[in-house]
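Here's the structure we're looking at; comments come further down.
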Amino acid sequence: MAAMLTGVSAGTVALILLAGFAGHLLHPRVLPAALTAHRTVPAPLIWPVAVAVGALEGVLGAVTGYALLAGRPRALTLGATGSALLFVAYALYGLYVLRTRPSGRGRRGDRVAGAENRAVPCGCSADDTPMSGWVAGRAAALALASVTASAGAGSAIASHGVHVALVGLSSVTFAVLLWSLPAAMADPERSVAG
């Protein structure tokens, strides 16, 4: 059972990172636009940061996926540990953006006159999913999955036969669910200016 959990965690992390990398390649302006809206990165560094983040996702996703498929426990430990650090950074960054960006609501949830009512985009996909607690929560869940994959790298590599098929199918399922979570949980009425 531990081998299955570790394998599913590693597969899910690899697929999410590779999907993020592909999204950054296909829609190269989404992350820089989100970073501009977040106002956390100086303007001259927005594009270099966006390119570095996309490349890091691609490398970590490729290393983790390759290590899982090729049976390389050390490479899996390395890729999963790097992924855990990246996802922890994403979760903390998401929380920081949520705390520092005006939400357009007062202490009791009343609308504040003149406050910005439109939520900022998360920058993690091609659509306009707003930055939310769900984005930070997804990153935290993926950090935990990465730690699980790193801690049990040896057992994940040892699984064979039907376990590989189950790990693959489960990884795809969890990756799709986690990828879709923030967009599915977005509240369109909160992000509409009004």
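Coordinate-derived values only; no laboratory data. Computed from a predicted model, the values in this text were never measured in an experiment. Note that we place each Cβ from the backbone using ideal geometry, even for glycine, and neighbour counts take in every protein chain shown.
Quick notes on this one:
- Sorting the segments 64-77, 13-26 by their mean number of nearby beta carbons within 10 angstrom, highest to lowest, gives 13-26, 64-77.
- Protection proxy ranking, peptides 145-152, 92-99, average beta carbon neighbours within 10 Å, highest first: 145-152, 92-99
- Largest-first ellipsoid semi-axes for region 1-51, taking √(5λ) over the Cα gyration tensor eigenvalues, angstrom: 32, 12, 8
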